[in-house]
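Reading through the structure tokens given below for one structure.
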Amino acid sequence: KEDKKFAGSRLDEAYYYYKKAMHEGENYDVQLAKVKKIKKEIAKLEPIIKEREQALEKAESALLELKARQIKLEEELRELTFKRDQLERQMDFYKPFPFFWKIAEIKQTVIPGARHNNFSEITYKVDRCMTCHISYKDTYYQDFDHPLKTHPNLDILIKEHPPQKTGCTWCHLGQGPATWPVEDAHGSHHETDQTPELNEPILKGHFMESNCRNCHAQVVKL
């Protein structure tokens, strides 16, 4: 395009001298020949310019695609980085600490409006079972003993009843807020105080699924 601009400027100049010579009645053959020559040069530049413009459009289109791909990859990178950081935080619970003890972290689910107290005030239900049963949704631990053992039937029991929303004691009973000793957490230590929904012994054996009726009383077949 720059060459075409320069040629256009030379054409304007040659055309001016051509008109001037013709107006003054002089011989203008030289000026006319120069005008025709420059026009031919410009005509030769047209297909080259068109070809270059098409190549530029393709390059710009490819650049836009690359930028879109870059944005998508950056989003994926942020997502993967977030997941990596989550996994690193989770793995902290499995790493040995030879030089110091790590302060324990309490994991809990808080369910507001779960019940009312004697004054008709809304109270909160708190379950901290996942503090010890930390690998309940990790299939790697399916053959381990409790508390690391994987929860059975993850696709149904955990996927449809995520502990982060429903807690654990709705199904298993026990004393949700307690973490230690185990007897307190499982609601079996205080035999004389087994307050419903607070300190009921954890369900075991054949009674493991007996609490399902609280929500699924009308369900005959799942």
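Worth pointing out:
- Within segment 158-181, the residues that satisfy the criterion of being in contact with a Cys (Cβ under 8 Å, 6 or more places away or on another chain) and over 15 Å from Ile134 (Cα atoms) are His161, Thr169, Trp170, Cys171, His172, Gly174.
- Lys221, sole failed condition from (1) outside the structural domain of Arg115 (by TED's automatic domain parsing); (2) at pLDDT 75 or above: (2)
- Residue check for Glu191: surrounded by fewer than 15 Cβ atoms within 10 Å (Cβ to Cβ), at pLDDT below 85 and either among the hydroxyl-bearing types (Ser, Thr, Tyr) or at positive phi (or both): no
- For segment 111-122, a residue qualifies if it is of a type in the set (Val, Ile, Thr) and exposed (fewer than 13 other Cβ atoms within 10 Å of the Cβ), and exactly one does: Ile122.
- Segment 112-142, residues that are among the acidic types (Asp, Glu) and over 31 Å from the mean Cα position of the chain (by Cα): Glu121
- Check on Ala14, at pLDDT 80 or above and among the small types (Gly, Ala, Ser): no
- Filter result for Thr150 (among the hydroxyl-bearing types (Ser, Thr, Tyr), surrounded by 13 or more Cβ atoms within 10 Å (Cβ to Cβ) and either at pLDDT 80 or above or more than 26 Å from the chain's Cα centre (by Cα) (or both)): yes
The values are calculated or read from the model by the stated rules, or taken from the named source; none is laboratory data. As the structure is a prediction and not an experimental result, all values here were calculated from the model. Quick reminder, even Gly has a Cβ in these numbers, built from the backbone with ideal geometry, and neighbours come from all protein chains shown.
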